[in-house]
Amino acid sequence: MFHRIGHRIGHRIGAQIGIVALTVATLGAGASSASSLITQKSVSLATARLMIRGCEDYAQEHALAPLAMAVYDRAGNPILFVIQDNAMQAVSAFAMAKARTAAITGLATGALGDLDYENHERPMGIANMPGLTVAQGGLPISTENGEHIGGIGVSGASSTEDEACSRAAIDAVKSLLK
C-alpha cells in the first residue's frame, strides 16, 4: 500500500523457515571424516515479507512517521529491505545497521548500547565498528526454542517506537518460528 520493496541480495528458497546447509571441512589429525554438514534454520523471504507487513500494520495503527525496515539472516546478509513512501533517506542506513547488528550479535541493539556504555570511562566500542549500531530498534529473531536465525531493524520513528515495530514484526510470525 504505502511502501516500495527495495533490493534483496541472494536467492531465498523455502516456505516459511528455510533450512540452510553449510559444509564445514574438518582439518587436522584424528578427524573422523573429511567433511560434515551443519544444518541451520534461517529466515525465509516469505517470512521476512510477513514480518514487514506486521511492522507496517503496527506503524499504521500508531500513526508513525514513514519507516525503513530491514530483515537480515543470522550471518548478517540482507533478506528484505523496505522503505515507505516519504521516509527520510537517512533512516535507510539506520534500519539496515540495526537489523545487521541484531542479526550477527543475537542481541537487541538497545541492550547492546546499554552494555557498550555500562562503563562510561571505557565503552566497548561497538558503535565504532563499521556496519554496527547501538541505536534502539533492532531485535534478534529466534525460533521458539531459542535458536538465533536473524535480525530485524526499523528506523524512522522514535527509538522506542522503532523497537516496538520490530517486536510487532516478530510477533506477526511467532507461529512460524518453530
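The values are calculated or read from the model by the stated rules, or taken from the named source; none is laboratory data. Note that the structure is predicted; figures quoted are calculated from it, not measured. Virtual Cβ from ideal backbone geometry, glycine too; neighbours counted across all protein chains shown.
In table form, for the structure just shown:
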{"quantity": "Test for Thr143: is it modelled with pLDDT under 95 and touching a Lys or Arg at 6+ places or on another chain (Cβ under 7 Å)", "calculated": "no"}
{"quantity": "Some residue of region 108-121 being closer than 20 Å to Thr47 by Cα and at pLDDT 95 or above", "calculated": "yes"}
